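Encoded as structure tokens, the structure appears first; notes follow it.
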Amino acid sequence: MTAVSFPVEEDVATPVPASRILGTYDRAPMEFVRGEGVELIDAEGKRYLDFTSGIAVNALGYADAGIARAISQALGSGLIHTSNLYRTAAGERLATKLSELSFASRIFFCNSGAEANEGAFKFARRWARHTGSSAKVEIVALRGGFHGRLFASLAATDRPSFRAPFRPLAGGVSICERDLNELHTALDAETVAAVIAEPVQGEGGVRVLDRELLRGLREITEQRGIALIFDEIQCGLGRTGNLFAYQTLGVVPDMLTLAKPLAGGLPMGAVLMSEEIAATIKPGDHGTTFGGGPLVAEVAAHVLERLSDPALLEAVRENGAWLGEQLDAIAARSGKVRAIRGVGYLWGLDVLEPAKTIVKRGWEEGLLTLTAGEHTLRLLPPLVIDRDELSRGLRILEKIISR
């Protein structure tokens, strides 16, 4: 893919104007102009090995020829948008494929992960009122979870600093400890509609939830008529080495939310749901103008085909296990890492100094990493990265941690 450049008149006497973009992010100083493979290239020509994947979005890396073809073919149809008043072949094909690859009977498309979770909460309440009573409305989330920044999804997100400026948040949403005894008490069959959990808590410090906890949670929710929602927005679609994280657990949820890598960087989210829940949703219960439009659906179908490739998933499993071993070795050599957690291509390192300090050192050395809390460094390399590129990144990582 060839980058397009435009001539810019330079005036050394004129200061660079401040960004007009609202400052909701503390942006890095470099400006990226191009991407190739698993690297980003800034305006000065410096290359950065990407261990962030655009926060788990760019699973296929940059300048991917298949994504470029899918976009070109979608544009060739002349259908960028039709609204959800009409059916499109691309949307129907994508929904069918997601259903075939998962437990789901029906799919709802939207534009982001937060929207997917908000939609799942509404669907859970609609179903619970249909099967229970008007009092069955509560949504319970788990300690350490991150589910978005809209009002209901923010209420389910365990980040006090994110929540405090925007109280009062949506009502009927609470957070419970990651403990089966606590959950037995909290999950009242008469009042709770759904529980939402991330099989791997990404923003909350990269915590792989215990299999027995999730199996126990499934038993409780089934017994009490409570919907179980798995948020796989960050950990799904191949990042754990399986297409869906739930597939490694022996636990099947009632709903599953997806986003991030689904459309290769174009905005798309999805709620996958069982037939039992889908049967209670009626026209007008929810909606979206842009969700699942023909352009993004066509690209997402291509991405889904690539991410469900058994060879790719096996490589993520094998390289992910190797990556964990190498991170353990770095921790032992450096003495600067307290704990390591993760699976596949999703890892967190608890470090002794503020993680953002190490992230900034990485910029100097040409490595992009993330934080997941004040003292947790997070690694999310593209799923197409090979072991040589991983090794190169690990050498830089050890250098910036040990400094």
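Every read-out reported here was derived from the displayed coordinates using simple, explicitly stated rules and does not represent laboratory data. Quick caveat, the model's predicted, so the values are computed rather than measured. Here the Cβ is made from the backbone with ideal geometry for all residues, glycine too, and neighbour counts use every protein chain on show.
A compact table of results
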| read-out | value |
| --- | --- |
| Using θ = phi - 60° and Karplus 6.51 cos²θ - 1.76 cosθ + 1.60, couplings along the stretch 227-234 (whole Hz; Gly, Pro as x) | 6, 9, 10, 9, 8, 10, 4, 9 |
| Taking all pairs of distinct alpha-carbon atoms in the stretch 364-403, Kirkwood radius in angstrom | 11.1 Å |
| For the stretch 181-194, 3J(HN,Hα) per residue [Karplus equation, 6.51 cos²θ - 1.76 cosθ + 1.60, θ = phi - 60°, Hz, x = Gly/Pro] | 5, 5, 5, 4, 6, 6, 8, 6, 4, 7, 10, 9, 8, 7 |
| Cα-based shape type of the stretch 115-265, given that a ≥ b ≥ c are square roots of the gyration tensor eigenvalues and the cut on a/c is 1.5 | rounded |
| Length released on extending from Lys46 to Thr96, taking residue separation times 0.36 nm less the Cα-Cα span | 13.8 nm |
| Charge dipole of the chain about the Cα centre (unit charges at C-beta), most positive-ward option of Ala193, Phe244, Ala90 | Ala193 |
| Which label in (i) 60, 54, 46; (ii) 73, 69, 41; (iii) 66, 55, 46 gives the computed Cα extents along the principal axes in Å | (iii) |
| Violating pairs (Cα-Cα greater than 27 angstrom) within the set Lys122/Lys260; Lys260/Lys399; Lys97/Lys122; Lys46/Lys356; Lys260/Lys356 | Lys260/Lys399 |
| Sites matching chymotrypsin sites (Phe, Trp or Tyr not before Pro) across the stretch 72-181 that sit in DSSP coil, with at most 15 neighbouring C-beta atoms within 10 Å | Tyr86 |
| Other-chain or far-sequence residues with amide H under 5 Å of Arg143's (modelled H) | Cys176, Glu177, Arg178 |
| Percent RCO, i.e. relative contact order, over the chain, from Cα pairs under 8 Å lying at least 6 residues apart | 21 percent |
| GluC sites (Glu not before Pro) restricted to the stretch 84-178 and DSSP loop, no more than 14 other C-beta within 10 Å | Glu177 |
